[in-house]
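In what follows, a structure is listed as structure tokens, so that the remarks can point back to it.
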Amino acid sequence: MLFAAYFLEAGLLLIIIPWSGFWDRNIFASFIPGFGRLLASPFVRGAVSGVGVITTLAGVVELIAALAVRKRDAQGADGAGA
């Protein structure tokens with residue numbers, strides 16, 4: 001469950017942050033001259049958001065798997081007692 005929570009949180013942040021004002025106030029962009037222009041590119045923002053979508057999907061898959069194991073264990077415990 002912890003992996004699922006981490007993947008969901010990280011994925012949602014990677015989807016949202018590149019399109020927010022926080023992304024534009026990056027401290028690394030002010031120190032490295034060309035880095036600011038690269039970060040402002042919609043292609044880079046889209047790529048980071050794409051990684052966020054993949055990470056979120058991995059979190060959903062992990063959550064479904066964890067819930068399936070819990071359900072299977074609960075059904076096994078009910079059947080063993082009968």
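Within the group V61, V53, which residue is surrounded by 10 or more Cβ atoms within 10 Å (Cβ to Cβ), under 17 Å from L8 (Cβ atoms) and free of Cβ contacts under 8 Å to residues at least 40 places away in the same chain?
V61
I need a count of the residues in segment 19-44 that are in a helix (DSSP H, G or I) and either within 24 Å of A4 (Cα to Cα) or among the hydrophobic types (A, V, I, L, M, F, W, C) (or both).
Selection size over segment 19-44: 13.
Quick check on this structure: which one of F7, F35, F3 is touching a helix residue (DSSP H, G or I) at 6+ places or on another chain (Cβ under 7 Å) and more than 25 Å from T56 (Cα to Cα)?
From the options F7, F35, F3, the qualifying one is F35.
Tell me yes or no: at least one residue of segment 64-79 is at pLDDT below 95, acidic (D, E) and either loosely packed, with under 15 Cβ neighbours inside 10 Å or touching a Cys at 6+ places or on another chain (Cβ under 9 Å) (or both).
Among the residues of segment 64-79, at least one is at pLDDT below 95, acidic (D, E) and either loosely packed, with under 15 Cβ neighbours inside 10 Å or touching a Cys at 6+ places or on another chain (Cβ under 9 Å) (or both), which makes the answer yes.
Taking segment 8-37, which residues are under 21 Å from the mean Cα position of the chain (by Cα) and at pLDDT below 85?
N26
Out of segment 55-81, which residues are among the β-branched types (V, I, T) and in contact with a Leu (Cβ under 9 Å, 6 or more places away or on another chain)?
T55, T56, V60, listed by residue number.
Report whether or not R72 is charged (D, E, K, R) and more than 24 Å from the chain's Cα centre (by Cα).
yes
The values are calculated or read from the model by the stated rules, or taken from the named source; none is laboratory data. Everything quoted here is computed from the prediction, not taken from an experiment. FYI the Cβ positions are ideal-geometry reconstructions off the backbone, even for glycines, and counts take in every protein chain you see.
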